[in-house]
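Right, one structure below, let's go through it.
Coordinate-derived values only; no laboratory data. All values derive from a computational prediction rather than experimental measurement. So basically every Cβ, Gly included, is an ideal-geometry build from the backbone, and we count neighbours across all protein chains shown.
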């Protein structure tokens with residue numbers, strides 16, 4: 001087990017964890033906004049135990065990576081991923097992305113997934129094809145929703161980063177929900193480790209980036225997992241559209257499960273991931 005940093009071409013230092021045998025098939029985990037590699041603890045431990053080489057990293061501006069002023073957009077996120085993959089010399093890797101991380105996976109695999117680097121891809125509660133409402137995406141969320149995110153972050157980021165996990169992210173605002181204060185605190189801890197400027201810029205990146213052509217370009221098998229009660233990335237305008245765009249995709253949805261289902265229900269999600277990895 002190891003951890004460390006790689007340095008990108010513009011000098012950003014990207015923190016990563018790299019656990020397991022270097023001879024094992026690598027699984028690379030891409031976290032959501034505004035979190036860090038730590039959000040994948042339940043998956044890292046499980047798949048390490050299954051004999052995989054598991055890697056998770058903090059996107060630039062997040063967690064322990066450099067709090068960058070520039071490059072907080074999808075093209076650079078994908079290039080940073082490619083730099084990490086090259087530095088660790090990963091081949092035949094499975095890339096798993098949650099939420100914003102799902103967008104990064106789509107762009108990375110579409111642009112850098114050749115030459116035996118990528119075996120499969122997984123999108124969990126992911127933002128593609130595009131979140132914001134446009135003429136070509138009438139079912140998207142109005143731009144005012146994301147303007148509200150920006151306003152809340154500027155007004156009181158610490159409180160905003162309480163409100164999200166206490167409410168819609170984990171579905172803790174639903175009647176009868178079993179609330180975990182530890183999950184809320186851990187979400188807040190991860191969020192506050194990152195940089196406010198990068199988090200602010202990333203709202204535009206995850207909401208306004210159009211991944212339609214990326215999804216069409218992916219040749220690798222793609223598994224799309226989505227909670228039917230996802231209040232952050234509504235399923236009708238994400239997973240249900242994305243599955244129509246990929247060449248070789250499988251869609252599985254989960255009644256009643258929230259956006260953060262990999263954390264609230266790891267035993268369910270991990271089992272389905274393992275079946276896909278081995279298929």
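Observations
- Residue with peak Gaussian network fluctuation, the chain [Cα springs, cutoff 10 Å], from 236, 220, 126: 236
- Taking only the Cα atoms of the stretch 139-196, the ratio Rg/Rh comes out at 1.01, with Rh defined as the Kirkwood radius.
- Of the residues 238, 36, 21, the one that moves most in a GNM of the chain with alpha-carbon contacts below 10 Å is 21.
- Overall shape of the stretch 91-152 was characterised from the C-alpha gyration tensor. The equivalent ellipsoid obtained from it has semi-axes of 29, 12, 9 Å, in decreasing order.
- Max mean-square fluctuation residue, GNM over the chain, Cα-Cα springs under 10 Å, options 175, 255, 138: 175
- Separation between Cα centres of the stretch 48-66 and the stretch 91-123, rounded to whole Å: 14 Å
- Helical content alone sets the calculated 222 nm signal of the chain at -12500 deg cm²/dmol, taking -39,500 (n - 2.57) per DSSP H segment of four or more residues and averaging over every residue.
- Averaging the sequence gap over all C-alpha pairs within less than 8 Å and six or more residues apart, then dividing by the number of residues, gives the stretch 2-278 a relative contact order of 21 percent.
- By DSSP, the beta bridges lying fully in the chain are antiparallel in about 30 percent of cases.
- Separation of the residue 162 and residue 210 label points, Cα + 7 Å toward Cβ, nm: 4.0 nm
- Distance from the stretch 1-46 to the stretch 244-258 (C-alpha centre basis), Å: 25 Å
- Over the C-alpha trace of the stretch 109-246, radius of gyration and Dmax come out as 16.4, 49 angstrom.
- Going by neighbour counts of Cβ atoms within 10 Å, the residues 213, 267, 135 line up, fewest first, as 135, 267, 213.
- Both numbers refer to the Cα atoms of the chain; Rg and Dmax are 17.1, 49 Å.
- Whole-percent pair-distance distribution, where bins are 5 Å wide, for the alpha carbons of the stretch 1-129: 2, 12, 24, 27, 22, 11, 2, 0
- Principal axis extents of the C-alpha atoms in the stretch 174-279 (largest first, rounded to whole Å): 40, 34, 27.
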